[in-house]
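This report refers to the structure that appears directly beneath it.
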Amino acid sequence: MKSPYEVLGVAPTASTAEIQSAYRKLAKKLHPDLNPGDKAAEEKFKEVAGAYDLLSDAEKRKRFDKGEIDATGAERPQQHFYRDFATADEGHPYADAGGFADFMESDDAFAELLRRSQRAQANRRGRDLHYRLPIEFVEAITGANKRLTLPEGGTLDVKIPPGLVDGQVLRLKGKGAPGAGQGGPGDALIEVEVLPDPRFAREGDDISLELPVSLAEAVLGGKVRVPTPTGDVTMSVPKGSNTGTTLRLRGKGAPRRGGGAGDQFVKLKVVLPKSPDPELEAFVSSWSKGRDFNPREDGTS
């Protein structure tokens, strides 16, 4: 860790006025209000402000020069335990503006920046808290009310909107960490994980499903029950259907944001009985057209 003298670019013998001047020059260049969105400048400003906070306090500077404390103000020799760090990250290194009082009493623009920073820190909004919530595939399509148990204790009730997609983040306003002073609480950000379903696959707003059908249903056609996320429906299988034949159930897909819903596509798969059937074998053996038909002639296999 750099010495606070190195951070400010002054010698250990620098006077109070020289330290103030060095800090003022760096702060005007690096202050977050003058560099919006520049994280590097913000981190550098924190470092500079922390160094000035230590060196502007005569007692802290004296103790640092004697080696009694380090650049962060921690006691030496260091033998830290968990409790030593319990409040180490509560706010920024420049949260306490006591060392900057001499600047803040002036009327220039830089003094106003410091006053604004102090007011913002005193009324700091709480942090946003991030959580992950697994839900079932069907719940993502139809919507659901879920209760999330928090790692730190307590629960959050989460309303899952219909048509939600994997990885979507829901924001619960005011359910994050509490703020300071008049600063309100942060938000809870819930990243939703949609668990896979062995029956369904989703592509955009459409859903697909592979449906086994019997040989009789494929040859003769008929009515079959088909699962959808909102419950089973009856579908007609046309005569002469084959494995790979795809049928459409309109409006049985995921809800669309602008209204309506996608479709569910049902891909048929002809399945023979597991046990040998002598009657079926006898029929196929005597079926001359069946023996003459070669499904590989069209080059699809």
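The values are calculated or read from the model by the stated rules, or taken from the named source; none is laboratory data. Note that the structure is predicted; figures quoted are calculated from it, not measured. Positions of Cβ are generated from backbone atoms using ideal geometry, with glycine treated the same way; all protein chains shown enter the neighbour counts.
Inspection of the stretch 78-93 finds no residue satisfying the criterion of being touching a strand residue (DSSP E or B) at 6+ places or on another chain (Cβ under 6 Å) and either of a type in the set (Asp, Glu) or at pLDDT below 80 (or both). Out of all the residues in the stretch 153-171, which are closer than 15 Å to ILE135 by Cβ and either in a strand (DSSP E or B) or not assigned by TED's automatic domain parsing to the domain that holds ALA188 (or both)? LEU156, ASP157, VAL158, LYS159, ILE160, VAL169, LEU170 - these are the residues of the stretch 153-171 that are closer than 15 Å to ILE135 by Cβ and either in a strand (DSSP E or B) or not assigned by TED's automatic domain parsing to the domain that holds ALA188 (or both). Of the residues VAL192, VAL270, VAL213, the single one that is in contact with a helix residue (DSSP H, G or I) (Cβ under 7 Å, 6 or more places away or on another chain), surrounded by 11 or more Cβ atoms within 10 Å (Cβ to Cβ), assigned to a strand (DSSP E or B) and not charged (D, E, K, R) is VAL270.
Residues checked against (1) at pLDDT 95 or above; (2) touching a Gly at 6+ places or on another chain (Cβ under 9 Å); (3) farther than 17 Å from PRO196 by Cα:
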residue: ARG125; (1), (2), (3): no, yes, yes
residue: TYR131; (1), (2), (3): no, no, yes
residue: ILE141; (1), (2), (3): yes, yes, no
residue: LEU148; (1), (2), (3): no, no, yes
residue: GLU152; (1), (2), (3): no, no, yes
residue: LYS175; (1), (2), (3): no, yes, yes
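Checking each residue in the stretch 219-250 for being in a strand (DSSP E or B) and within 42 Å of the chain's Cα centre (by Cα) picks out VAL224, ARG225, VAL226, VAL233, THR234, MET235, THR246, LEU247, ARG248, LEU249.
Listed by first and then second residue, the pairs linking a residue in the stretch 31-53 that is closer than 15 Å to ALA71 by Cβ and of a type in the set (Asp, Glu) to a residue that is crowded, with 20+ Cβ neighbours inside 10 Å and at pLDDT 85 or above, with Cβ atoms under 6 Å apart and 6 or more places separating them unless they lie on different chains, are GLU47/VAL7. The conditions of being closer than 23 Å to ALA254 by Cα and assigned to a loop (DSSP other than H, G, I, E, B) are not met by PRO185.
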